[in-house]
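J.: Let me give you the structure first, and then I'll get to my questions.
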Amino acid sequence: MGGVAGHLAHLYDNRDLTYTEMAEILTAASQGELIGTEKTDGYNIYLGYVDGQVRAARNKGDMSRGGMTLEDLINRTFKGGEKTKKTYVTAFKAYKQAVDSLSEEERNSIFGLEGDIFYNTEIQGPIAPNVVNYDENIIAIHHMGHKRYNKETNDLEVVEAVQESQALDQVIDRFEEMKTEESFSVKRTAFLKLNQLDDDVHLKTALSKIRNTGYQGDMTIGDYLYTNLMRQIRQQSNLPPSIIKLVANRILKNPGYLSLTKLKKILKERGTEESYSAVKDIVDNSNTEIKKLIWPIELAIHDFAVEMLRSLRSAYILDGPAEVDRIKKDVEQAINSIHKYDGPHKDEAHEILAKQLGKLKTHDNIDTVVEGFVFQWKGQMYKFTGNFAPINQLLGLFRYGRGHMPPMSLNALKESFTGVPEGTINRVIAIYPGRFQPMGAHHAEVFKMIQENFGEENTFISTTGVTELSDKGGVPKSPFNFEEKKAIMVRYEIPENNIVMTGNPYTAKEILEDFDPETTSVVFFVGKKDMQTESPRFNVGTTKKGKPTYFQHYEENLDDLKTYSENGYLAIAPHVSINIPDIGEMSGTNIRLALKGTEGNPKGFKDIMGWYDETLHNMIVNKLKNVELQEDSHFHVGIFLRLIEEEIDRTLSEGLDFEKMSTQDKAKYFLQQAGNETKGIAAMETETASTVAEKDAALEEMSSGAGGAAGGFSVGLGAIETKPVRRKIKRKKKKKKKTKLEEQFIDEVYNYLIKTMGRTT
């Protein structure tokens, strides 16, 4: 499961689970006391009914906006391309037909009077093949994991929906009998009860292996990790105990943990700043260490789960034994191919094979096509996955690759192979470029939507480390450096390794250099305004000489992608609309204005950002303390330009000889005609932030139409604007074409005013 469903937890994923509670769960399973549902190998989606329309949600952003309509789904980009999109669209149409057949009373009883219940659902069948081949196309509505969006907390909440589920159960038979146009049936996930084990040997073995790790009694998984991390850090460094505790808390992100920046500051205050590199290395490698610590517990539970799931029959496959035999052959072929593989990433491939065979043992150990078992214990959902997990990992090397390792060629007959044939695209990297000063909730949602379609290992944020100053060396226009921006992004649960500092966010060579230029494509997600204005940021299509440009449209070339050494691709980032009270729609500009006013107001900060962190709050407010004047000044250059153009149009038509006037006299005349020098400026300075933002947002946030997609690089790609540059302002009314002399006057006055008043473009 992914998206709204999130990560369905194994027992060892719950940091608050004690050994005693884990033992209770395993004991109940071995005694046949657990009732749950079959975990299937399909496409997860949440389905609802809002404002008289069926809706779907793949992520939190979708649900916060009331879900996607059919049109929204059709316009969406999916990682798997058009084939994956067709699966979702086809299933959605079948679901719509089923819901439309209900009375209004029935729909209200199922989805709630508020229409805020979204049902946890799986799309599976021949239309959506993964590892397991199911016999028919089914929309399976689960019994657990349903959710609603809480507007007050900006969080997703699990809802039991007991009465609503009962109402659904009353009509589900009608759904199953319906012959939809899309050849889908809508069903409830079948309940499943694990069989009691013949004896307690497997239970005792599992519990003994778990206790041998030191995890026992009332110790939680979090306690276990903390204790062992403390010990490892002591062995690996000469850090004092107080710092070791802080580092361990930082790794586990325990309540009150400190950022790396804060830890560095503490070390500096203690005169031990040289220790920071050791601290950073420990933190950077912590994920690997945590996996090592969890591995013996994970393996013990896996072996136990294999026994619990052994010989279970799937409710969705008619000939289970035949499907088992097919998967066995696929896995055997995969194992042989990896053993013989001697190409790039050889060591990584063999390491994966060794680890997964540690679980699977042999392909002959596969005896069920049931992916797993999902159950609920004290309000928390868990899963047992048995051998499906290593099967998926091994076959996934050939379907998706792993990390920087591209998909492998599945060919057991070759003694050695080097991956996919030459010239074949086997990986698409998605890059979300921007200034992110700072990242807001709208940016984060856009990133997660992109990541959902391309995968975490293939989706990156590209941003600079530049802090941009005004022409007079005053308050930074781009106040946050890279580390500060990254710290904010991490609070939005964006993986640190996916946030990369680049010299030019729109070429992102620092990201691409880690990927094979002969087998990798790249797509940049940018704002709608960057693609569809009269003066688009990118030249897409052909040059004046008729040659193809480097950048091409992604959607138009899905079936014939080129490597990034030949072409880069552009796609319009999804638009995410979030309003800031009293300010307007969230954009880089508006979020800075709003955050500046949250000093001493944690709630106000959280309302804007969606989370609260005292350290980051203080840092952000301090950075923005004197920015408002500059921001307003930045807005006003657009107002200047409009007034200058209008005034020069008028005065020239009246016969005034501007050519004989000095630049200073031209500017003074312009100000006087605008309402005298004092009133003209005062009128502009007293405009409300929201009004100004509405007039000139495009100047600062050229990509805000895509939820802030490019963060606002308004000059050449990655360049820093240090001189006044005239901006183009759209007019509602068509005007006569200006002469070169008029253009010269406009630029001259405009640049003079900016320079003399200390304003930046």
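J.: Please name all residue pairs, on different chains or six or more residues apart, with Cβ atoms under 8 Å, provided the first residue is in the stretch 222-247 and is within 20 Å of residue 298 (Cβ to Cβ) and the second residue is polar (S, T, N, Q).
T.: If the second residue must be polar (S, T, N, Q), the pairs left are 222/254; 224/213; 226/249; 226/254; 229/286.
J.: Follow-up. I'd like to check something: does the stretch 194-210 contain any residue that is at pLDDT 90 or above and either assigned by TED's automatic domain parsing to the domain that holds residue 48 or hydroxyl-bearing (Ser, Thr, Tyr) (or both)?
T.: yes
J.: Looking at the stretch 39-67 only, could you name the residues that are surrounded by fewer than 22 Cβ atoms within 10 Å (Cβ to Cβ) and either more than 25 Å from the chain's Cα centre (by Cα) or farther than 26 Å from residue 134 by Cα (or both)?
T.: 50, 51, 52, 53, 64, 65, 66
J.: Looking only at the stretch 498-520, which residues are of a type in the set (D, E, K, R) and touching a residue at least 60 places away in the same chain (Cβ under 8 Å)?
T.: 514, 516, 518
J.: Just one of the numbered conditions (1) part of a loop (DSSP other than H, G, I, E, B); (2) among the hydrophobic types (A, V, I, L, M, F, W, C); (3) crowded, with 20+ Cβ neighbours inside 10 Å is not true of residue 131; which one?
T.: (3)
J.: Testing residue 306 on (1) within 32 Å of the chain's Cα centre (by Cα); (2) crowded, with 16+ Cβ neighbours inside 10 Å; (3) not small (Gly, Ala, Ser), one condition comes back false. Which one is that?
T.: (1) is the only condition that residue 306 fails.
J.: I'd like to verify a number: residues in the stretch 440-459 that are of a type in the set (D, E, K, R) and at positive phi, how many?
T.: Counting residues in the stretch 440-459 that are of a type in the set (D, E, K, R) and at positive phi gives 0.
J.: Residues of the stretch 101-115 being at pLDDT below 90 and either touching a Lys or Arg at 6+ places or on another chain (Cβ under 9 Å) or surrounded by 18 or more Cβ atoms within 10 Å (Cβ to Cβ) (or both), which ones?
T.: Matches in the stretch 101-115: 112, 114, 115.
J.: If you don't mind, another one. Of the numbered conditions (1) under 19 Å from residue 185 (Cα atoms); (2) crowded, with 16+ Cβ neighbours inside 10 Å, residue 156 satisfies every one except a single condition; which is it?
T.: With (1) under 19 Å from residue 185 (Cα atoms); (2) crowded, with 16+ Cβ neighbours inside 10 Å applied to residue 156, the lone miss is (1).
J.: Take residue 234 and tell me if it is at pLDDT below 95 and within 31 Å of the chain's Cα centre (by Cα).
T.: Criteria not met by residue 234.
J.: Scan (1) in the same structural domain as residue 528 (by TED's automatic domain parsing); (2) more than 16 Å from the chain's Cα centre (by Cα); (3) modelled with pLDDT under 80 for the single condition residue 465 breaks and write down its number.
T.: Here residue 465 meets the rest and fails (3).
J.: If we only count strands (runs of 3 or more DSSP E) wholly inside the stretch 31-96, which ones have 3 or more residues that are closer than 18 Å to residue 159 by Cβ?
T.: 43-50, 53-57
Rundown of residues vs (1) within 27 Å of residue 516 (Cβ to Cβ); (2) at pLDDT 85 or above; (3) within 28 Å of the chain's Cα centre (by Cα); (4) not hydroxyl-bearing (Ser, Thr, Tyr), yes/no style:
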| position | (1), (2), (3), (4) |
| --- | --- |
| 340 | yes, no, no, yes |
| 368 | no, yes, no, no |
| 376 | no, yes, yes, yes |
| 381 | no, yes, yes, yes |
| 418 | yes, no, no, no |
| 436 | no, yes, yes, yes |
| 443 | no, yes, yes, yes |
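J.: Continuing with the same structure: Would you kindly identify the helices (runs of 4 or more DSSP H) lying entirely within the stretch 144-261 that contain at least 2 residues that are in contact with a strand residue (DSSP E or B) (Cβ under 7 Å, 6 or more places away or on another chain)?
T.: Where helices (runs of 4 or more DSSP H) fall fully within the stretch 144-261 and carry at least 2 residues being in contact with a strand residue (DSSP E or B) (Cβ under 7 Å, 6 or more places away or on another chain), they are 162-177.
Let's see how each residue does on (1) part of a helix (DSSP H, G or I); (2) surrounded by 16 or more Cβ atoms within 10 Å (Cβ to Cβ); (3) at pLDDT below 75:
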| position | (1), (2), (3) |
| --- | --- |
| 569 | no, yes, no |
| 574 | no, yes, no |
| 577 | no, no, yes |
| 591 | yes, yes, no |
| 595 | yes, yes, no |
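J.: A further question follows. Being farther than 16 Å from residue 490 by Cα, within 28 Å of the chain's Cα centre (by Cα) and among the hydrophobic types (A, V, I, L, M, F, W, C) is the filter here, so list the residues in the stretch 264-288 that pass it.
T.: 279, 282, listed by residue number.
J.: Could we say that residue 325 is surrounded by 14 or more Cβ atoms within 10 Å (Cβ to Cβ) and either within 32 Å of the chain's Cα centre (by Cα) or not in a loop (DSSP other than H, G, I, E, B) (or both) here?
T.: It is false that residue 325 is surrounded by 14 or more Cβ atoms within 10 Å (Cβ to Cβ) and either within 32 Å of the chain's Cα centre (by Cα) or not in a loop (DSSP other than H, G, I, E, B) (or both).
The values are calculated or read from the model by the stated rules, or taken from the named source; none is laboratory data. For clarity, every value in this text was computed on a predicted model and none was experimentally measured. FYI the Cβ positions are ideal-geometry reconstructions off the backbone, even for glycines, and counts take in every protein chain you see.
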